[in-house]
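Asks: One structure is given below, represented as structure tokens, and several questions about it will come after.
The values are calculated or read from the model by the stated rules, or taken from the named source; none is laboratory data. Since the structure is predicted, the reported quantities are computational estimates derived from the model, not experimental observations. Note that we place each Cβ from the backbone using ideal geometry, even for glycine, and neighbour counts take in every protein chain shown.
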Number of protein chains: 2
Amino acid sequence: MTFSRNAISSEHIDAHASANSSSIHYPLTPTSRSIELPDTSTRVSYRQISSYIEARIQRGDWQAHERLPSVRQLSRDSGMHRLTVFKAYQHLKTQGTIYARSKSGYYVAPPAVHTLTNENELEPARFDGTLNELHHLPARFQFSQALIDPNLLPNHYFTEYTKKVFDLYPKLLGTYAHVQGDLELRQLLAQYFSQHSRFYIEPEELLIASGAQQAIFLIAEAWIRPGDYVLVESPTYATALDVFRQKGARFLEVDIDANGYNIEQIDRLMRQYRPRLFYLNPTFHNPTGLCIPAEQRKQLVDLAAQHQCLLIEDDTCSDIYFGAAPPPPLFAYDTEGYTIHIRSFSKYISPGLRIACIAARQPWMHMLISCKSLTDGGTPLLNQKVFLHYFMSDRLHRHLDTLRIALRIRMERMQDELQQTNWRYTEPQGGLNLWIELPQELSASRLLSYALTEGISFVPGSLFDHAKRPSQHIRLSFSFANEMLIEQGMKELIRIADEL
Amino acid sequence: MTFSRNAISSEHIDAHASANSSSIHYPLTPTSRSIELPDTSTRVSYRQISSYIEARIQRGDWQAHERLPSVRQLSRDSGMHRLTVFKAYQHLKTQGTIYARSKSGYYVAPPAVHTLTNENELEPARFDGTLNELHHLPARFQFSQALIDPNLLPNHYFTEYTKKVFDLYPKLLGTYAHVQGDLELRQLLAQYFSQHSRFYIEPEELLIASGAQQAIFLIAEAWIRPGDYVLVESPTYATALDVFRQKGARFLEVDIDANGYNIEQIDRLMRQYRPRLFYLNPTFHNPTGLCIPAEQRKQLVDLAAQHQCLLIEDDTCSDIYFGAAPPPPLFAYDTEGYTIHIRSFSKYISPGLRIACIAARQPWMHMLISCKSLTDGGTPLLNQKVFLHYFMSDRLHRHLDTLRIALRIRMERMQDELQQTNWRYTEPQGGLNLWIELPQELSASRLLSYALTEGISFVPGSLFDHAKRPSQHIRLSFSFANEMLIEQGMKELIRIADEL
């Protein structure tokens, strides 16, 4: 049997209308053209039903944002199985033809809209998404992601080490990792820290996390309760702000400039608000590239102990310096145990492995292990062993020497182009970014809108602010694009700025 | 200069006593034997200081649980650097010679105590730790971990596939994964689900998690707020209870027996308490091995939609069946989108990779992606690609066929031994465990205490109960130990039970 649209309206809908009239929402005005539902006497595919629905939407029977018949209703009316109708709706939803609203049903999607350019105006639409959304926008000239160009990473050696790891541990993938992390790796890192970071630590005081992002999450999970005060630098790493915000933190801002922090300000804030923790990035700070002097590091650990405020030291870039090596981390100055040190190596070794390390004294480490245990039960052993074998080799140091030079050249290339402008910045002694103050007459968000339309991305300063206030600053990362792209992209960006 | 113990007491301590008398806690009675602090005019190692402290503890100058001098104090008294003293204390702490109390200082540890046997009584001490702690106890006869013997896993092929993956994607480790998971893997899984699990799903409705444990965590993070009611089966998976408890859930119990659930009970609980979610394990339920019939699966998804209660379907064992294949998952019956399906393959393929998949309709998937993004930014790409290439091959099916037979044989071996007893159980149609009811006169926790002293581990029923009430049940896993160990271990366990 075949249904014409009229047939549905007269026979089927009417038959059910009295029983459940509120569930009928589709217009049933007669029309000369008949769109037929497939014949249910043979096997009907969901594609046939979705074609039927599409045809009716195209004809205008169902208008944008109008509610479509429920799965149950259409299944009853057509005599087709509920799952087949459901599949058809799922298919149309994925295509973008319809959309679903929780607990309400399916609706006709409006015609596709441009997300970045607003055709009603000459001005491109402002970007107002998150850092993560910004990173996912396509860009020929990628200055927004503070990532290292994969061409500068030791990929080839990792392939080799991975193969080696399987020869060494043939049953590696059959084994769960220890919650706290592979002991062999923790022993190696403990030794590394005493040699390179000048602090003494036991493997029991280290935890392997699946990347620095997870380390920040575990700390927030362990210590931040709704309403807790948290000290953050202004500006600071947007994703950490997102994690703390989701846990209900209230933010207090700590200024950072070329002289470091204002220690009196920190003392006052700790005294007045008793913050749970201070999340800080003292070595080649993101986004500014600043480095906190040794003297302030000592003062900070004393303040932390005095006010019983944890210092969460996020250290992702201390190996990327262009002049002298930075001072030892805060953790090395701390004899009271109030510092928790996040050390990520992923960024400049192998982002894909997702290996970071948290150093913490007791009782903090016990709390972190318990959170890690509930979060994922432990970082995969394969990743830890591959990392271990690269880390054990002397290739790491050679890689870092080369990498520092390569990044420095890219930074200088970007600085060469900036000489054409009156944009201001402090030359960083390390890290992956330039933190630039635009002249008053140039709006960072307007510059970004135009830059994105030309395939140039960077991060507006507002994203490093917990309150997302407009800012004259922008962050330009020089680590991802190669020298040629930096030169072309910067020329283009400066041209756009001049035109604005 | 060298310090004798007397020298410290007379010169140094007295000099500081007036300034800060509250910080002096160590007894300074004179003695004939002098224990000397190292000479600070040459480079003093932390080991020399720790030997000094150890010697004084051994002599009884500092008694068990007595507070030791603070780092600052000992550093002042001895003229040695604070960090060196600190290192010495850290070293002694790791050795177990001393212990630290947060914000209070270091204390002398009591002489080592036996954790499992209590020497004051003839009876071994009762185990009262968590499931995780139980798994970490050494056991020759491992019947507590529901893990598959690594000898039954396709380790060899994984080595091969990992090498292949590096040839295919040489820059794999230089790349971050997508938060939601590798698209190629999600496409493959979407196809797999439609063929094997009889539900239609788009790759956009799948998320790759780092193991089923993380999947449960993400769901709890997204939906459980303190005080929320959560339905759980009684008994159920202990670690899920831990995750929900940590998020502040209040538990409501759903009975499960050989007929499945009591649907009226679920209806009543959902109506009365409006629980946020029902965490369930309907296919070869852990620990009982029961399987919920198809008819109840249909009723459940209707109830969930009616009461707007999410069904969290944890599916880790549906491929491990000994007779007929189980019915399709709840997710396949759900046209309203209230089911969230956790599918883990790790357990019987490669626990070390930590790959699980969550299937969820919108808007739930959006919420999960946002939690995953904050939790760790995405599961490592390496692990996903290695899993993908094994999963794509036809080896998976051959592996499963072999595995089902091997596990069945192990189960039968365990059952053979149980014929000697009057212990009761329902033969499972799949899964990794026997859920046994001991006779009234035998206490499960007493049996465990004695069994552990003989190197036999199993899980007492109380650990599957959110209130940890005593239980006559025990869970014996037959998947980890080989046939010989099962035979020996079971004979031994039954002998212990008979003696009790």
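Asks: So, in the range A:371-420, of the ones that are within 14 Å of chain B (Cβ to nearest Cβ) and hydroxyl-bearing (Ser, Thr, Tyr), which residue ends up surrounded by the most Cβ atoms within 10 Å (Cβ to Cβ)?
Replies: A:THR379
Asks: Pick from B:LEU74, B:LEU83, B:LEU92: which is assigned to a helix (DSSP H, G or I), over 22 Å from A:ALA190 (Cα atoms) and within 14 Å of chain A (Cβ to nearest Cβ)?
Replies: B:LEU74 is the lone residue from the list that is assigned to a helix (DSSP H, G or I), over 22 Å from A:ALA190 (Cα atoms) and within 14 Å of chain A (Cβ to nearest Cβ).
Asks: Suppose we filter the range B:221-240 for residues that are within 14 Å of another protein chain (Cβ to nearest Cβ) and in a loop (DSSP other than H, G, I, E, B); how many remain?
Replies: Total meeting the criteria: 5.
Asks: Can you say whether A:LEU173 is part of a helix (DSSP H, G or I), away from chain B (no Cβ under 12 Å) and aliphatic (A, V, I, L, M), as far as the supplied structure shows?
Replies: The answer is no for A:LEU173.
Asks: Also: Of the numbered conditions (1) of a type in the set (Lys, Arg); (2) surrounded by fewer than 23 Cβ atoms within 10 Å (Cβ to Cβ); (3) facing chain B (nearest Cβ under 8 Å), A:ARG354 fails exactly one; give the number of that condition.
Replies: Looking at each condition in turn, A:ARG354 falls short on (2).
Asks: Moving on. Please enumerate the residues belonging to the range A:57-71 that are within 14 Å of chain B (Cβ to nearest Cβ) and free of Cβ contacts under 8 Å to residues at least 40 places away in the same chain.
Replies: Correct list: A:VAL71 only.
Asks: In this structure, does A:VAL386 turn out to be assigned by TED's automatic domain parsing to the domain that holds A:VAL165 and either more than 24 Å from the chain's Cα centre (by Cα) or closer than 30 Å to A:LEU353 by Cα (or both)?
Replies: The answer is yes for A:VAL386.
Asks: Considering each residue of the range A:336-351, count those that are in contact with a strand residue (DSSP E or B) (Cβ under 9 Å, 6 or more places away or on another chain) and either more than 10 Å from chain B (Cβ to nearest Cβ) or of a type in the set (Asp, Glu) (or both), and give that number. Let's see the steps before the verdict.
Replies: Filtering the range A:336-351 down to residues in contact with a strand residue (DSSP E or B) (Cβ under 9 Å, 6 or more places away or on another chain) leaves A:337-346.
From what's left, either more than 10 Å from chain B (Cβ to nearest Cβ) or of a type in the set (Asp, Glu) (or both): A:339-345.
So the count comes out to 7.
Asks: Then there's this: Considering only residues of the range A:314-335 that are assigned to a loop (DSSP other than H, G, I, E, B) and within 12 Å of chain B (Cβ to nearest Cβ), which is farthest from B:ASP376 (Cα to Cα)?
Replies: Restricting attention to the range A:314-335, the residues satisfying the condition of being assigned to a loop (DSSP other than H, G, I, E, B) are A:316-320, A:322-329, A:334-335.
Still in the running and within 12 Å of chain B (Cβ to nearest Cβ): A:328, A:334-335.
Numbers: A:PRO328: 27, A:ASP334: 28, A:THR335: 30 Å.
Among residues in the range A:314-335 that are assigned to a loop (DSSP other than H, G, I, E, B) and within 12 Å of chain B (Cβ to nearest Cβ), the one farthest from B:ASP376 (Cα to Cα) is A:THR335.
Asks: Now, a different point. Hey, can you tell me all the residues within the range A:42-89 that are acidic (Asp, Glu) and under 40 Å from the mean Cα position of the chain (by Cα)? Steps first, please.
Replies: Just the residues of the range A:42-89 that are acidic (Asp, Glu), to begin with: A:54, A:61, A:66, A:77.
Across the range A:42-89, the qualifying residues are A:GLU54, A:GLU66.
Asks: Is the range B:122-140 home to any residue that is at pLDDT below 85 and more than 25 Å from the chain's Cα centre (by Cα)?
Replies: Checking the range B:122-140: at least one residue is at pLDDT below 85 and more than 25 Å from the chain's Cα centre (by Cα).
Asks: Checking A:VAL243 against (1) part of a helix (DSSP H, G or I); (2) more than 14 Å from chain B (Cβ to nearest Cβ); (3) buried (at least 19 other Cβ atoms within 10 Å of the Cβ), only one condition comes out false. Which one?
Replies: (2)
Asks: Only one residue in A:GLN95, A:GLN48, A:GLN73, A:GLN58 is over 25 Å from B:TYR333 (Cα atoms) and modelled with pLDDT of 65 or more. Which one?
Replies: Numbers: A:GLN95 fails: over 25 Å from B:TYR333 (Cα atoms); A:GLN48 fails: over 25 Å from B:TYR333 (Cα atoms); A:GLN73 fails: over 25 Å from B:TYR333 (Cα atoms).
Only one candidate passes the filter, namely A:GLN58.
Asks: I'd like the residue in the range A:462-485 that is among the aliphatic types (A, V, I, L, M) and within 23 Å of the chain's Cα centre (by Cα) and, out of all such residues, is nearest to B:GLY174 (Cα to Cα).
Replies: My answer is A:ALA481.
Asks: Among the residues of the range A:146-163, which ones are under 21 Å from A:ILE436 (Cβ atoms) and either assigned to a helix (DSSP H, G or I) or at the interface with another protein chain (Cβ under 9 Å from one of its Cβ atoms) (or both)? If you could, list the steps in order and put the result at the bottom.
Replies: Within the range A:146-163, the subset under 21 Å from A:ILE436 (Cβ atoms) is A:146-149.
Matches in the range A:146-163: A:LEU147, A:ILE148, A:ASP149.
Asks: Yes or no: the range B:261-272 includes at least one residue that is buried (at least 16 other Cβ atoms within 10 Å of the Cβ) and among the basic types (Lys, Arg).
Replies: So far as the range B:261-272 goes, no, none of its residues is buried (at least 16 other Cβ atoms within 10 Å of the Cβ) and among the basic types (Lys, Arg).
Asks: What is the number of the single condition among (1) of a type outside the set (Asp, Glu); (2) within 22 Å of the chain's Cα centre (by Cα); (3) within 11 Å of chain A (Cβ to nearest Cβ); (4) farther than 16 Å from B:HIS341 by Cβ that B:ALA215 does not meet?
Replies: All conditions are met except number (4).
Asks: Next question, about the same structure. Those residues that are of a type outside the set (A, V, I, L, M) and either surrounded by 21 or more Cβ atoms within 10 Å (Cβ to Cβ) or in contact with a Leu (Cβ under 9 Å, 6 or more places away or on another chain) (or both), I need them from the range A:219-240; list them, please.
Replies: We begin by selecting, within the range A:219-240, every residue of a type outside the set (A, V, I, L, M); these are A:221, A:223, A:225-229, A:233-237, A:239.
Matches in the range A:219-240: A:GLU221, A:TRP223, A:ASP228, A:TYR229, A:GLU233, A:PRO235, A:THR236, A:TYR237, A:THR239.
Asks: On the given criteria, is A:ARG250 over 23 Å from the mean Cα position of the chain (by Cα) and at pLDDT 95 or above?
Replies: So A:ARG250 fails the test.
Asks: Report yes if B:LEU311 is over 22 Å from the mean Cα position of the chain (by Cα), at pLDDT 95 or above and not in a strand (DSSP E or B), otherwise no.
Replies: Answer is no for this residue.
Asks: A further question on this structure: Before we move on, is B:LEU134 away from chain A (no Cβ under 13 Å), assigned to a helix (DSSP H, G or I) and not small (Gly, Ala, Ser)?
Replies: Working: away from chain A (no Cβ under 13 Å): yes; assigned to a helix (DSSP H, G or I): yes; not small (Gly, Ala, Ser): yes.
It is true that B:LEU134 is away from chain A (no Cβ under 13 Å), assigned to a helix (DSSP H, G or I) and not small (Gly, Ala, Ser).
Asks: Out of the residues in the range B:179-212 that are facing chain A (nearest Cβ under 9 Å) and under 13 Å from B:LEU381 (Cβ atoms), which is farthest from the chain's Cα centre (by Cα)?
Replies: The extreme case among them is B:VAL179.
Asks: Determine whether the range A:177-184 contains at least one residue that is in a helix (DSSP H, G or I), at pLDDT 90 or above and among the aliphatic types (A, V, I, L, M).
Replies: Scanning the range A:177-184 turns up at least one residue that is in a helix (DSSP H, G or I), at pLDDT 90 or above and among the aliphatic types (A, V, I, L, M).
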